[in-house]
1. Could you check segment 182-203 and list, in sequence order, the residues that are among the aliphatic types (A, V, I, L, M), at pLDDT 85 or above and under 20 Å from PHE312 (Cβ atoms)?
2. If you go through segment 327-385, how many residues are within 13 Å of the ligand (Cβ to nearest atom), within 15 Å of GLY215 (Cβ to Cβ) and in a loop (DSSP other than H, G, I, E, B)?
3. Any idea which of (1) among the charged types (D, E, K, R); (2) outside any strand (DSSP E or B); (3) out of contact with any helix residue (DSSP H, G or I) (no Cβ under 7 Å at 6 or more places or on another chain) is the one GLU191 doesn't satisfy?
Amino acid sequence: MIVIEYKLKGKLKQYQAIDKAIRTCQFIRNKSIRYWMDNQKVNKYDLSKLSTKLGKEFDFAKRLNSTARQSSAERAWSAISRFYDNCKKRTARGEVSSPIARSKQKIPGKKGFPKFSKRTRSVEYKQSGWKLDNQTKKHITFTDKNNIGRLKLVGSRDIYFYQPEQIKRVRIVKRADGYYAQFCISIEVKEYVPATGKTIGLDVGLKEFYTDSNGQSIPNPRFYRKSEARLKKAHRAVSKKKKGSANRKKAIKKLAKQHLKISRQRNDHAVKLARCVVKSNDLIAYEDLRIKNMVKNHCLSKSINDAGWYQFRVKLEFFGKKFDKVTVAVQPNYTSQKCSNCGAIVKKSLSIRTHICQCGCELDRDRNAAINILESALATVGHTGSSILDMVNASGEDTSIIIGSNTCNSK
Ligand SMILES: [Zn+2]
């Protein structure tokens, strides 16, 4: 599945109609959660039936295309099933996980009881309720009774190449700087890339974005830091304005746009880098880090979030699948302490940048770690474990890589 994204251009009235559709989606999603809470043994099909029922009951719900209603109910179900999954897998927060619990692979963390959504930002249609203009495919018309009507698609990617049957879903997403249409297209994304005979281990760090087992390092893109001053200013502007005032709303919008820009830069960086690494190696090894836990560490959190490792890993795995390469997440045990030459444990604090071992091995600290990561991966290949993609897919989130993101700035 790939996602192609366009910006939508329309009239104010049309945007208002989109907002209305999004509110209806939120209504159905929350009604579904409520129904699940109030009744026993509710399953996916009950929620689907409920969405049909709501369509008959409420006029505004009736105006929304039936597949969009269904998608909302499905969204509620994925929140519920994620919660069920987590109940099986996770220990309660703060609970000491005993060796027995660990052996059952209980991981700590929240279970994520489904919440009522207050800020739904999208409406999703399946294969009906919309139509692309026949010839140019530069316009989309929403045909349900919500009166969204015909909107212009702005973006450089051409959806022309794909058959209408390949478009499985169309999603309208509201962002700080406008409305976007995402087309989820089902295609086999595999692409043949010749084998290179190379393997690589990556050690992600604070100083560098990563250092690989060949000793090369990629500097950290400090988008966030760079834009921090501007962000701070935008934050201050918000807090200075009176609550509920129009000026405050304007300031909030400006702040949201700043955040949006950073997240796009981060995404672009991750896609480019991951694509390049995966293309030029046959096996890519990296640490199975729980970023959530690391972010709890206060001093480091900003840099860790900043570097966007998680997004990078998701993209590594995406391109791994696409180019048919092996990606391995290894357990982060002693990767920086172990000597990559003789296996001895050489303790060192974070400030010591060079690994020096009695065996005579002297290496950059991060490179030593990267070699250990690679070795550990090569020892476990064949057992690549579950990837983040599978985990996230199971939890119902969308991990498709947006490749046609329209990053033009509209003012
Ligand atoms: Zn050694």
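The values are calculated or read from the model by the stated rules, or taken from the named source; none is laboratory data. The structure displayed is predicted, hence computed values, not measured ones. Methodologically, a virtual Cβ is constructed for each residue, glycine included, from the backbone with ideal geometry; neighbour enumeration extends over all protein chains shown.
1. Kept after step one, since they are among the aliphatic types (A, V, I, L, M), are these residues of segment 182-203: 185, 187, 189, 193, 195, 200, 202.
Within this subset, residues satisfying the condition of being at pLDDT 85 or above are 185, 193, 195, 200, 202.
Correct list: VAL193, ILE200, LEU202.
2. So the count comes out to 3.
3. For GLU191, the failing item is (3).
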